[in-house]
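The values are calculated or read from the model by the stated rules, or taken from the named source; none is laboratory data. The shown structure was predicted, so the numbers you read here are calculated from the model rather than taken from an experiment. Every residue, glycine as well, gets a Cβ built from its backbone with ideal geometry; the counts of neighbours run over all protein chains shown.
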Amino acid sequence: MTDAYIDAAGIDAPAAEPVPADEWLPAESGARLNPDAEGVTSIIWSTGYGLDFSMLDIPVLDEWNYPRHTRGLTEVTGLYAVGLPWLTKHLSATLSVVGDDAEFVAGHIAAR
């Protein structure tokens, strides 16, 4: 349907690129974080929700009201994002892939 519209409108668009399949593999690093030992006082776990970041009363949202980040690291010290659609790859928001992103963020936290 989209291709038909592009053709009919005479739009000079690049050829569609297939979305690569994400392949889940268990993490190899075995990185773990002990919340008590590291002084972590809050963990927010949520699933099955609609995205709404209006509760963030800090200038971290982009023009689409998503947290600005690079691989889940925001410009606000101590504020991280995981589980967002397309955080780093196609299936970042799924339970089978979110671990890759979470491991990266956890590694960053552990290195602080």
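General remarks:
- Evaluation of T47 against (1) farther than 16 Å from G107 by Cα; (2) under 20 Å from the mean Cα position of the chain (by Cα); (3) at pLDDT 85 or above (one fails), failing number: (3)
- Any chance V105 is β-branched (V, I, T), surrounded by 17 or more Cβ atoms within 10 Å (Cβ to Cβ), at negative phi and assigned to a loop (DSSP other than H, G, I, E, B): no
- Number of positions in the stretch 86-112 that are touching a residue at least 24 places away in the same chain (Cβ under 8 Å) and over 20 Å from R32 (Cβ atoms): 3
- For P59, the requirement of being modelled with pLDDT of 80 or more and either closer than 24 Å to G99 by Cβ or of a type outside the set (A, V, I, L, M) (or both) is met.
- Residue ID - surrounded by the most Cβ atoms within 10 Å (Cβ to Cβ), chosen from residues in the stretch 60-91 that are of a type outside the set (V, I, T) and assigned to a strand (DSSP E or B): P67
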